[in-house]
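Q: Pasting in a structure now, in structure tokens, and then I'll have a few things to ask.
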Amino acid sequence: MKVLLTGASGYLGRHVLRALRAQGLEVVLLGRQVPPEGTGLPWIEADLLAPGGLGPRLLEAQATHLLHLAWYVEHGLYWTSDLNLRWADASLRLLQAFGEAGGQRAVLAGTCAEYDWAQGYCVEEVTPCHPATLYGVAKHATHQMAQAWCALHGVSLAWGRLFFTYGAGEHPNRLIPSLIEVFQGRRSPFGVHAEAYRGFLPVAEAASAFVALLASQAGGSFNICSGQPVQLKQLVQVLAQVAGADPGPVLGLSQVRPHEPRLLVGSVERLRAVTGWQPVLSLEQGLRQIVAPDLA
């Protein structure tokens, strides 16, 4: 197996690259820059959004497997950005070039935002996809077109729908890093939808799930998630305990948010059945690794 990896300099990609290297797999990086973890690896310098053919360079790379993570994910902006349309096009052009260069299997990163969030508990091939944002629509459309193209050209395809991750490299304004700053006295308390349930997965475990899916021959869509619903009230309490702080100031500002789903959790049973992968860390263990890594 020789893996062509995109998005290696991103939040998830850096962890995926470590997981690939830990397994001793041969990796070729494709993108505009190389992260520190990729120093010394073969690198195809390319802007995937730019016009121009990748064919000759992919033929030279001779990768058998593609793990495509790259997309526009700037915090707070990606939900409605027009760049989603360009990334859908770029992803399909990349997949086509990979297949035409002799590639055999591709795994592309999707999102839980493809699902109809009103359903709450999301099961692949059962829960309807009814995305409410341009980001979700673009990802879902990419999956549908990629699936059709791969079926015509004999390329094995799996689509990993990523749910809520946390860990090293996460944007500081996302929920868990923001709460950590509150409990460390570096940010003012803010309210959360305390009664809502979400599934949280350490990003390193999400990375290992993608690698396990890549190594399998299973096709279709797969949730990349913990499969365990966690009430946000519990998240706040556990995180405060790990940080040695009082959860009261945050929970005292708790607010119901009617526009947000009360339950949004994915089933992990399909991924477990085909790969044997399953989450390892408990919520407390995962949070402790980022708040107090020396004590984890």
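No lab work stands behind these numbers, since they all come straight from the coordinates. These numbers were taken from a predicted model, which means no experiment stands behind them. Note that we place each Cβ from the backbone using ideal geometry, even for glycine, and neighbour counts take in every protein chain shown.
Q: Given +1 on the Cβ of Lys and Arg, -1 on the Cβ of Asp and Glu, and no further charges, what dipole in debye does the chain carry about its Cα centre, rounded to the nearest 20?
A: Numbers: 21 positive and 22 negative charges, 30 e Å.
With Lys and Arg at +1 and Asp and Glu at -1, about 140 debye.
Q: Quick check on the exposure proxy: order I290, I44 from fewest to most C-beta atoms within 10 angstrom. Each step should come with its number before you reach the end.
A: Details: I290 19, I44 16.
Least to most surrounded, the residues fall as I44, I290.
Q: Among Q96, M145, G31, whose Cα projects farthest towards the positive end of the dipole of the chain, with charges put on the beta-carbon of Lys, Arg (+1) and Asp, Glu (-1)?
A: Result: G31.
Q: Okay, moving on. So which GluC sites (Glu not before Pro) in region 88-165 end up in coil per DSSP with only 12 or fewer other C-beta atoms within 10 Å?
A: Within region 88-165, the qualifying GluC sites (Glu not before Pro) (loop, at most 12 other Cβ atoms within 10 Å) are E125.
Q: Among A46, C122, L85, whose Cα sits farthest toward the positive end of the charge dipole of the chain (+1 at Cβ of Lys/Arg, -1 at Cβ of Asp/Glu, about the Cα centre)?
A: C122
Q: Next question. For region 91-186, compute Rg over Rh where Rg is the Cα radius of gyration and Rh is the Kirkwood radius from the inverse mean 1/r over Cα pairs.
A: My calculation of the ratio gives 1.10.
Q: Here is a follow-up. Taking a spot 7 Å from the Cα of R21 along the direction of its beta carbon, which residues of region 34-77 have an amide N less than 18 Å from it?
A: Taking a point 7 Å out along Cα→Cβ of R21, the residues of region 34-77 whose backbone N falls under 18 Å are 34-45, 67, 69.
Q: I need the calculated FRET efficiency for the pair R32 and A148, taking r as the beta carbon distance and R₀ as 25 Å, to the nearest 0.05. Please list the in-between numbers first.
A: Numbers: r = 29 Å, r/R0 = 1.15.
Efficiency for this residue pair is about 0.30.
Q: Fully extended, how many nm does the chain gain between T64 and D89 (0.36 nm per residue separation, minus their Cα-Cα distance)?
A: Computed gain between T64 and D89 is 6.8 nm.
Q: Can you give me the Cα centroid spacing of region 237-270 and region 70-91 in angstrom?
A: Taking the Cα centre of each part, region 237-270 and region 70-91 sit 27 Å apart.
Q: How far apart, in nanometres, would the label points at V123 and S282 be if each is projected 7 angstrom from Cα along the Cα-to-Cβ direction?
A: 2.8
Q: List S178, S9 from most exposed to least, where exposure is judged by having the fewest other Cβ atoms within 10 Å.
A: The most exposed by this proxy come first: S178, S9.
Q: Which entry in (i) 31; (ii) 39; (iii) 18 matches percent of Cα pairs over 35 Å apart derived from the coordinates of this structure?
A: The value computed from this structure is option (iii).
Q: Mind pulling the angle between the C-alpha long axis of helix 134-153 and the longest principal axis of the chain? Nearest 10 degrees, somewhere in 0 to 90.
A: 30
Q: To continue, here is another question. What percent do you get for the relative contact order of the chain when only Cα pairs under 8 Å and 6+ apart count?
A: 18
Q: Using a 10 angstrom cutoff on alpha carbons, build the Gaussian network for the chain and name the most mobile of Q231, Q144, Q278.
A: Q144
Q: Output wanted: per-residue J couplings in Hz (rounded whole) for region 118-124, from phi through Karplus 6.51 cos²θ - 1.76 cosθ + 1.60, θ = phi - 60°, x for Gly and Pro.
A: 5, 6, x, 9, 9, 10, 4
Q: Output ³J(HN,Hα) for region 260-267: one whole-Hz value per residue in order, computed from phi by the Karplus curve 6.51 cos²θ - 1.76 cosθ + 1.60 with θ = phi - 60°, and x for Gly and Pro.
A: 3J(HN,Hα) across region 260-267, in whole Hz: 9, x, 6, 10, 8, 9, x, 7.
Q: Given an 8 Å cut-off on Cα distances and at least 6 residues of separation, report the relative contact order of region 170-296 as a percent.
A: Averaging sequence separation for qualifying contacts and normalising by length gives 35 percent for region 170-296.
Q: Can you sort S267, S188 so the residue with the fewest Cβ neighbours within 10 Å comes first?
A: Ranked by crowding around the Cβ, least crowded first: S188, S267.
Q: Let me ask another. With only Lys, Arg, Asp and Glu charged, each at its Cβ (+1 for the first two, -1 for the last two), find how big the charge dipole of region 60-204 is about the Cα centre; round to the nearest 20 debye.
A: The calculated dipole for region 60-204 is roughly 260 debye.
Q: Would you mind computing the Rg to Rh ratio of region 139-294 from its alpha-carbon coordinates, Kirkwood style for Rh?
A: The Rg/Rh ratio comes out at 1.04.
Q: Go ahead and run the numbers for FRET between E269 and M1, Cβ-Cβ distance against an R0 of 22 Å, rounding to 0.05.
A: Once the sixth-power term is evaluated, E becomes 0.30.
Q: Looking only at Q62, Q104, Q255, which one moves most when the chain is put into a Gaussian network model with springs between Cα atoms under 10 Å?
A: Top of the fluctuation ranking is Q255.
Q: As a check on your grasp of the helix formula, calculate [θ] at 222 nm for the chain: sum -39500 (n - 2.57) over DSSP H runs of n ≥ 4, divide by the residue count, round to the nearest 500.
A: -11500 deg cm²/dmol
Q: Additional query: Would you please classify the overall shape of region 20-96 from the alpha carbon gyration tensor, given that a ≥ b ≥ c denote the square roots of the eigenvalues, rounded means a/c under 1.5, and beyond that prolate means a/b larger than b/c while oblate covers the rest?
A: In terms of gyration-tensor shape, oblate.
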